[in-house]
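Novice: Pasting a structure below so you can have a look.
The values are calculated or read from the model by the stated rules, or taken from the named source; none is laboratory data. Just so you know, these numbers come straight off a predicted model, no measurement behind them. Quick reminder, even Gly has a Cβ in these numbers, built from the backbone with ideal geometry, and neighbours come from all protein chains shown. Areas reflect the complete protein model, heavy atoms only, side chains present, ligands, DNA and RNA absent. Shrake-Rupley method; radii C 1.70, N 1.55, O 1.52, S 1.80 Å.
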There are 2 protein chains.
Amino acid sequence: MAGFKGHAEYSVDSKGRVAIPAKMRSALNPDANSTFTMTRGFDKCVFLYPLDRWKEMEEEIGSLSTYDREARAFTRRIMMWADEVTLDSQGRISLTKQLVEFAGIKDKAMILGAFDRIEIWDPEAFEAYLNEESADYETLAEKVMGM
Amino acid sequence: MAGFKGHAEYSVDSKGRVAIPAKMRSALNPDANSTFTMTRGFDKCVFLYPLDRWKEMEEEIGSLSTYDREARAFTRRIMMWADEVTLDSQGRISLTKQLVEFAGIKDKAMILGAFDRIEIWDPEAFEAYLNEESADYETLAEKVMGM
DNA sequence: TGGCGAGTGGGGAAAAGTGGGGAACTCACC
DNA sequence: GGTGAGTTCCCCACTTTTCCCCACTCGCCA
């Protein structure tokens with residue numbers, strides 16, 4: 001299964017709906033059933049996991065202990081924001097008010113392919129994130145990939 | 001079986017009833033028979049375990065030794081608060097006075113999906129919990145999931 | 001230049017949440 | 001044993017939100 005690639009700035013209509021770029025839709029595994037689980041991302045954005053990938057995540061979460069304080073805190077934080085959404089016949093999903101608010105999304109959204117997930121950002125917030133990241137692309141590559 | 005997800009602030013009516021969000025109801029295993037065992041949670045909230053999951057919990061509790069002082073204390077504390085509740089035809093449950101009082105719930109309740117259980121908080125108490133947790137989401141994720 | 005696929009927008013039906021009325025049941029007190 | 005107050009439970013009705021479907025426009029490709 002190919003990873004999600006590319007980026008696009010789309011509009012968010014008055015009902016909180018955003019289109020998912022056709023390229024990303026076609027990269028969806030049929031197992032995902034046109035369905036995503038969307039949750040609060042790391043950094044100020046929304047993560048969109050295809051259903052099949054999310055199932056794997058749930059297994060990890062399910063293996064955490066209820067009796068461990070930090071595990072409880074993490075489980076609450078990831079699950080409370082989660083919501084299952086299905087593409088409508090136009091290839092859109094509707095964002096929940098809660099996540100729209102969290103990510104500071106207004107009438108435009110930046111849709112980002114990020115390998116195993118899709119990310120949705122407020123365009124300005126994304127711009128700001130790119131600027132504030134101290135390390136540039138080349139430096140990051142060195143650090144992360146150990147080149 | 002998918003875990004419970006999402007969060008919502010709902011009202012508690014004069015009869016102590018709270019609606020369970022439709023999304024969480026549909027995540028219920030049919031085996032649970034629209035029934036929960038509700039008990040005092042860890043942290044200042046109420047835990048709501050679907051019947052099928054609660055059965056597993058009871059097995060764990062049952063396997064504890066009667067001869068161990070702490071096991072006895074734990075068994076008492078978890079069982080003394082437990083009560084079985086069933087959804088009414090409107091998808092609501094009624095909270096017992098004891099648990100309402102314990103969790104400090106007034107006329108509003110925060111309903112939280114927390115994977116294998118549903119949690120019910122007083123909205124202010126939940127806010128306070130989120131603030132007092134020192135670690136932020138990203139740090140927690142790193143620690144707990146080792147990402 | 002016509003057709004198809006992609007993105008955008010809105011209207012109507014159905015479902016979800018909220019609140020209250022009334023029957024049945026319990027318990028206490030006369 | 002009967003009466004009455006207090007609970008509990010079940011059902012009905014209203015309001016708001018959500019979801020599903022249809023219609024339009026724009027741009028690309030044949």
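Novice: Just for region B:82-95: of the residues that are assigned to a loop (DSSP other than H, G, I, E, B) and within 15 Å of DNA strand C (Cβ to nearest atom), which one is nearest to the chain's Cα centre (by Cα)?
Specialist: B:95
Novice: Is at least one residue of region B:100-109 surrounded by 21 or more Cβ atoms within 10 Å (Cβ to Cβ) and either of a type in the set (Lys, Arg) or in a strand (DSSP E or B) (or both)?
Specialist: Looking through region B:100-109, at least one residue is surrounded by 21 or more Cβ atoms within 10 Å (Cβ to Cβ) and either of a type in the set (Lys, Arg) or in a strand (DSSP E or B) (or both).
Novice: Oh, and also: Looking at residue B:31, is it modelled with pLDDT under 90, open to solvent by 10 Å² or more (accessible area, probe 1.4 Å) and part of a helix (DSSP H, G or I)?
Specialist: yes
Novice: Just to check your reading of the model, which residue among A:86, A:96, A:139, A:75 is hydroxyl-bearing (Ser, Thr, Tyr) and without any contact (Cβ under 8 Å) to a residue 12 or more places away in the chain? Please lay out each step first, then the result.
Specialist: Values: A:86 fails: without any contact (Cβ under 8 Å) to a residue 12 or more places away in the chain; A:96 fails: without any contact (Cβ under 8 Å) to a residue 12 or more places away in the chain; A:75 fails: without any contact (Cβ under 8 Å) to a residue 12 or more places away in the chain.
Matching residue, one of A:86, A:96, A:139, A:75: A:139.
Results for (1) part of a strand (DSSP E or B); (2) open to solvent by 50 Å² or more (accessible area, probe 1.4 Å); (3) more than 16 Å from DNA strand C (Cβ to nearest atom), shown as yes or no for each residue.
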site	(1), (2), (3)
B:37	yes, no, yes
B:47	yes, no, yes
B:71	no, no, yes
B:76	no, yes, yes
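Novice: Do we have residue A:143 as open to solvent by 20 Å² or more (accessible area, probe 1.4 Å), part of a helix (DSSP H, G or I) and charged (D, E, K, R) here?
Specialist: yes
Novice: Sticking with this structure for a sec: Output the residues belonging to region B:1-21 that are away from chain A (no Cβ under 12 Å), open to solvent by 40 Å² or more (accessible area, probe 1.4 Å) and touching an Asp or Glu at 6+ places or on another chain (Cβ under 9 Å).
Specialist: B:11, B:13, B:14, B:17
Novice: Oh, and also: Here is a list of conditions, (1) under 14 Å from the mean Cα position of the chain (by Cα); (2) more than 16 Å from DNA strand C (Cβ to nearest atom); (3) more than 8 Å from chain B (Cβ to nearest Cβ), and residue A:24 meets all of them except one; can you say which number that is?
Specialist: Here residue A:24 meets the rest and fails (2).
Novice: Out of B:37, B:96, B:86, B:66, report the one residue that is away from chain A (no Cβ under 14 Å), among the β-branched types (Val, Ile, Thr) and more than 16 Å from DNA strand D (Cβ to nearest atom).
Specialist: That would be B:66, the only listed residue that is away from chain A (no Cβ under 14 Å), among the β-branched types (Val, Ile, Thr) and more than 16 Å from DNA strand D (Cβ to nearest atom).
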